[in-house]
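Okay, structure first, notes after.
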Amino acid sequence: MSTTKSMNLGTDAPSFTLENMNPKFGGGYVSLADCAEAPGLLVAFICNHCPYVVQIKDSLASFAEFYADNGLAVIAISANDADAYPADSPENMRLDAEKHNYTFPYLYDTDQHVAMAYQAQCTPDLFLFNKERKLVYRGQYDNARPGNDVSVSGDDLSAATDALLTGKPVSEDQKPSVGCSIKWKPDNQPK
């Protein structure tokens, strides 16, 4: 359930170009290079059906909208095997993006190569990069979990983002993301 191996802080953001499923952006493809001017970038591995993601969807949408005013670029990626989990299909991604008013691209990692490059383990799995696209935060959104009676706040990610955008060091004391394992295709199962 929790992230076991991790991309090290300071690692360069792996490049990607993926199809965007958020109709708000008119489809097409989005790449890492499209965010080159942003002072910070959040890459969030999410999906439609995971209860850990369902719990934070509206808060994450608000987080992205709030921090966009400060220059943070946000990109969400779903890498789940949509054949085995049709709730995570591209069409359902489009519907989910509209329903939750995502103001960021929602990309589909069809062959899961981007999730593997990022060493993503679960949904949600959050990667925050600085202007140079070096990893400064890989951790949880907050302490809320389905059924634990803790309100969703985004406190952990917000603290890291505030530090990044104000030029302060991001604390290296980071709690790993907790969620549902990424639904790997049979040929991509972690060894």
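The values are calculated or read from the model by the stated rules, or taken from the named source; none is laboratory data. Owing to the predicted nature of the structure, the values given are computational and were not obtained by experimental measurement. Heads up, the Cβs are rebuilt from the backbone with ideal geometry, glycines too, and the neighbour counts pull from every protein chain shown.
Which numbered condition in (1) in contact with a helix residue (DSSP H, G or I) (Cβ under 6 Å, 6 or more places away or on another chain); (2) closer than 19 Å to R138 by Cα is the only one that A61 fails?
(1)
State whether one or more residues within segment 121-131 are within 20 Å of Y29 (Cα to Cα), in contact (Cβ under 8 Å) with a residue 24 or more places away in the chain and surrounded by fewer than 19 Cβ atoms within 10 Å (Cβ to Cβ).
So far as segment 121-131 goes, no, none of its residues is within 20 Å of Y29 (Cα to Cα), in contact (Cβ under 8 Å) with a residue 24 or more places away in the chain and surrounded by fewer than 19 Cβ atoms within 10 Å (Cβ to Cβ).
State yes or no: is I46 farther than 27 Å from P186 by Cα and of a type in the set (A, V, I, L, M)?
It is false that I46 is farther than 27 Å from P186 by Cα and of a type in the set (A, V, I, L, M).
Does L135 qualify as being more than 19 Å from F66 (Cβ to Cβ) and in contact (Cβ under 8 Å) with a residue 24 or more places away in the chain?
So L135 passes the test.
Which residue out of F16, F45 is at pLDDT 95 or above and within 17 Å of S181 (Cα to Cα)?
F45
Please work out which one of (1) free of Cβ contacts under 8 Å to residues at least 24 places away in the same chain; (2) under 23 Å from N188 (Cβ atoms); (3) surrounded by fewer than 15 Cβ atoms within 10 Å (Cβ to Cβ) is the condition S89 fails and give its number.
(3)
Please specify each residue of segment 136-161 satisfying the condition of being of a type in the set (S, T, N, Q) and buried (at least 22 other Cβ atoms within 10 Å of the Cβ). First the steps, then the outcome.
Of segment 136-161, the ones of a type in the set (S, T, N, Q) are 140, 143, 148, 151, 153, 158, 161.
Hits for segment 136-161 are Q140, T161.
State which residue is farthest from A38 (Cα to Cα) when the search covers only segment 66-86 and only residues that are among the aliphatic types (A, V, I, L, M) and surrounded by 21 or more Cβ atoms within 10 Å (Cβ to Cβ).
A82
Test of understanding: among K57, K24, K5, which residue is modelled with pLDDT under 95, of a type outside the set (G, A, S) and not in a loop (DSSP other than H, G, I, E, B)? Walk me through it before giving the result.
Details: K57 fails: modelled with pLDDT under 95; K5 fails: not in a loop (DSSP other than H, G, I, E, B).
Result: K24 is the single residue among K57, K24, K5 that is modelled with pLDDT under 95, of a type outside the set (G, A, S) and not in a loop (DSSP other than H, G, I, E, B).
Looking at this structure, is M116 buried (at least 24 other Cβ atoms within 10 Å of the Cβ) and out of contact with any Leu (no Cβ under 7 Å at 6 or more places or on another chain)?
On the way: buried (at least 24 other Cβ atoms within 10 Å of the Cβ): no; out of contact with any Leu (no Cβ under 7 Å at 6 or more places or on another chain): yes.
So M116 does not fit the description; no.
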